[in-house]
Amino acid sequence: MKVRVLNGNFIKIVAAIAMLIDHIGLLFFSDVVSFRVIGRISMPLFAMMFAEGCRYTRSKFRHVFLVAVLGIAYSIVFYLFSQELYFSILTMFTFSALMIYAYQAFQKSVFEEKDVSLSVCTAAIFIGLVAFTYLFCMRFNVDYGFWGCMLPVFPLLFDLKEVGKGWWTDNYYVRLGCFAIALLIHCLASPWTISYFAFLSFIPLLLYNGRRGKLKLKYFFYVFYPAHLVVLYGILMLISYNG
């Protein structure tokens, strides 16, 4: 009997619903903890699916550009409304994608036995991006912080799909184990005990079958994040105005 029956679209829909519940609780029912508990599974689900997506993305530049533009746009809108500088999960994933693609370039340069100087250069770029991400997260308010940015990176550290070598080339559970380590570090670094409920995300993740799903919903999920927040904040403003 097959146990890995959930495709990527289904998992991301679960993540989107959990995120919506989380933000409804944050804005309208701040004293009801169960809303926030359910919401803890959202980010890990999106992060793992983002990592899986980076394994297959052909146009890496376009992918990074899309996520970065959406992240910048959200930060600008947030600043105009609140006068606070805030970088959302889209900015977090921008850093993640940059580090992932730099690491994949390093892998290729090593296993394809190209010039040593290229390996050194790509390794330096990857390390530099990790350091820059850490300093940026220390300086600015980035959603989920440095270890949130590293969550999608960890699953691909031992992934050899790009070079096609190793028994773990398509071993999803190796990647998921690395992801679990990063999630644990993230929870340990978090000041909120509730963060550990994020491990409930492993229930659907263990059932992931490695397929995207028939529908092409990638852009929907990128737009859903800012769109649902605009709607919720609009409702909150109407309630405050009428109250």
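Observations on the model:
- J(HN,Hα) series, region 91-108, from Karplus relation 6.51 cos²θ - 1.76 cosθ + 1.60, nearest Hz, glycine and proline x: 5, 4, 6, 5, 4, 4, 5, 4, 5, 4, 5, 5, 5, 5, 5, 5, 4, 4
- Of all the options Lys216, Lys108, Lys12, the one that moves most in a Gaussian network model of the chain with Cα springs shorter than 10 angstrom is Lys216.
- Of the residues Ala131, Met49, Ile24, the one whose Cα sits farthest toward the positive end of the charge dipole of region 3-144, with +1 on the Cβ of Lys and Arg and -1 on the Cβ of Asp and Glu, is Met49.
- Shape call, region 1-83: gyration tensor on alpha carbons, a/c limit 1.5: oblate
- About the centre of its Cα atoms, region 1-84 shows a dipole size close to 600 debye [charges on the beta carbon of Lys, Arg (+1) and Asp, Glu (-1) only; nearest 20 debye].
- Residue-normalised accessible area of region 106-243, expressed per residue, 1.4 Å probe, Å²: 60 Å²
- Spatial separation of Cα centroids for region 80-121 and region 177-200, in angstrom: 22 Å
- Under DSSP loop assignment and at most 15 Cβ neighbours within 10 Å, longest chymotrypsin sites (Phe, Trp or Tyr not before Pro)-free interval of the chain: 30-85
- Each Lys and Arg adds +1 at its Cβ and each Asp and Glu adds -1 at its Cβ; summed about the Cα centre, the chain shows a dipole of about 800 debye.
- Spatially close Lys pairs in the chain, defined by Cα atoms under 28 Å apart and a spacing of eight or more places or different chains, total 26.
- Tilt relative to the chain, helix 116-139 - C-alpha long axis, 0 to 90 degrees, to 10: 20 degrees
- Projecting the Cα positions of Phe220, Ile194, Pro152 onto the charge dipole of region 117-243 (unit charges on Cβ atoms of Lys, Arg, Asp and Glu, taken about the Cα centre) puts Phe220 furthest along the positive direction.
The values are calculated or read from the model by the stated rules, or taken from the named source; none is laboratory data. From a predicted model like this one, the values you see are computed outputs, not experimental measurements. In this analysis, Cβ positions are derived from the backbone assuming ideal geometry, glycine residues included, and neighbour counts consider all displayed protein chains. For the accessible areas, the whole protein counts, side chains as well, though only heavy atoms, and no ligand, DNA or RNA atoms are used. Shrake-Rupley method; radii C 1.70, N 1.55, O 1.52, S 1.80 Å.
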